[in-house]
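Shown next, in structure tokens, is the structure this report addresses.
The values are calculated or read from the model by the stated rules, or taken from the named source; none is laboratory data. Predicted model only: the values in this text are computed from it and were never measured. No Cβ is skipped: glycine too gets one built from the backbone with ideal geometry, and neighbour counts run over all protein chains shown. For accessibility, only protein heavy atoms count, side chains too; no ligands or nucleic acids. Shrake-Rupley method; radii C 1.70, N 1.55, O 1.52, S 1.80 Å.
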Amino acid sequence: MQILIIVLLSIGSISGQTSPAQKCGFTDQTFSLSKTGSPLSRDLDFLDESIVSPSGKFRVHFTRTGYHGVLDGETAGTPEFVSEAALAADSAYTLQVDVLGFLEPVDDGDIDGPELDIYIKNWGGSYYGMTYFGSTAPSPTYLVIDNDFAEANYATSGLAALRVTIAHEFSHMVQLRYDHPSDMGGSNIFWYEVSSVWFEEYCYPEIDDYHAYVGDNFSANLFPALNNYNYMYGHGLFGQILDIEYGIRGGKHIMVEVWENLNGSRALENLGQTLQASPWNSSFDECFEQYAIYNAFTGSRAVEGEYYPDAIDLPEIHTKSSVLFTDEPNIMEIQLDPYTIYYSSYSPYEQFGTFVSKTESLPGGDLDHFQLYFPNQENYSVRRIQKNSWSDEVFIKNGVDLLHISVNSSADMTGACRITTIAQTDFLVLSPNPVNLANDVLKMN
């Protein structure tokens, strides 16, 4: 088990956000499987027209009139919404299969033609889209997406929503070539969504529909578990960590290798095994530590050119705040479930002083201690502190908060640690040669 402690000079807050529509119906396995029992069970005969995409790989089915009519449904020629759906599908295929190197989806045995099928119907704001699939992998699939994304509870509307939805759902089509969501008792469902949210952002970094789902992850001082089904869309950020920190090595993208290796195993265990092997030569712990650090640099703490590309537009983490009184240790004990991150911040009671912290293992805890000093966007450092030892001193002023981030990156039983913090008005009391971290910039590799 590994628990990570980071100390950061800053604070975080988040405003309330409303819940958007269900991003994807892929996780509703009962609903999805009920429609794939036979070629006659699609129940989409009311879609009376179709076009083939420019690449010839997709057939897009639609109707112009009635409840399920597409945008511009009364105009002559192919409606723009339909044409854009075909182009988005071709683009997703090119990027995920031809560029990244994933296997192409399984065809459906010539149902409604030899192409991969996309159907456009009115989901009425309940889903952005749905990927239907069979009972085992590799499985033939087809997509059903909304006809206009006009309802108020869609976080993104119109053609922008259309594009990210097709990218997201096409990613599910590809995943069904490698694995089935019912394997491992459905415990890997979150990984399908983490991967698909990553891919939609990879395709369309300018759209950022997934931001609507990140807020729930950041709204509490306990960052939800990575494998928590209720927060899987917001954890699409974790896919960005894999892409940014590992990307392509030895001619293969990390996401491709992870999916090639999944094959009925638990997703995070498989990820750890993949990262430990060549050419990645890393570990799940190291990757999850990066996730904790990336999440600290969002909103007003965003650093241009570092961490998430759109970090400035993401919410800031919520923290449990406490006041530090001079010369009095503040002791906190925490217990973390597997794959969770805990945020707590401290502010000095006096006008200025120094801050040091110590982390100690309790039974079942195995600590790594990091210190992250962040006086401003241009100057910060990250350093690893020896286990069960005091951190270096950091000079602080009134109004500057200290943020601890504690991470359980292990699947083991709940672990615990004790954090002791001390602030003093005279830093010379602690050490005759205090460390000036402002002049010592060290970033994690």
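Tabulated results
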item	result
Test: residue in the range 211-227 that is modelled with pLDDT under 95, within 30 Å of SER321 (Cα to Cα) and of a type in the set (Ser, Thr, Tyr)	yes
Qualifying residue in the range 143-163 (condition: open to solvent by less than 10 Å² (accessible area, probe 1.4 Å), at positive phi and assigned to a loop (DSSP other than H, G, I, E, B))	yes
Subset tally (residues that are open to solvent by less than 10 Å² (accessible area, probe 1.4 Å) and among the β-branched types (Val, Ile, Thr)) for the range 241-264	4
For GLY247: the one exception among (1) farther than 25 Å from GLN335 by Cα; (2) touching a Gly at 6+ places or on another chain (Cβ under 7 Å)	(2)
Residue tally, condition of a type outside the set (Phe, Trp, Tyr) and buried (at least 24 other Cβ atoms within 10 Å of the Cβ), over the range 118-142	6
Among (1) surrounded by fewer than 22 Cβ atoms within 10 Å (Cβ to Cβ); (2) closer than 28 Å to VAL97 by Cβ, the one test that LEU222 misses	(2)
Filter result for GLY299 (on the phi > 0 side of the Ramachandran plot and buried (at least 17 other Cβ atoms within 10 Å of the Cβ))	yes
From the options ALA277, ALA311, residue that is among the small types (Gly, Ala, Ser) and open to solvent by less than 20 Å² (accessible area, probe 1.4 Å)	ALA311
Of the criteria (1) open to solvent by less than 20 Å² (accessible area, probe 1.4 Å); (2) outside any loop (DSSP other than H, G, I, E, B); (3) out of contact with any Cys (no Cβ under 8 Å at 6 or more places or on another chain), which one ALA92 fails	(3)
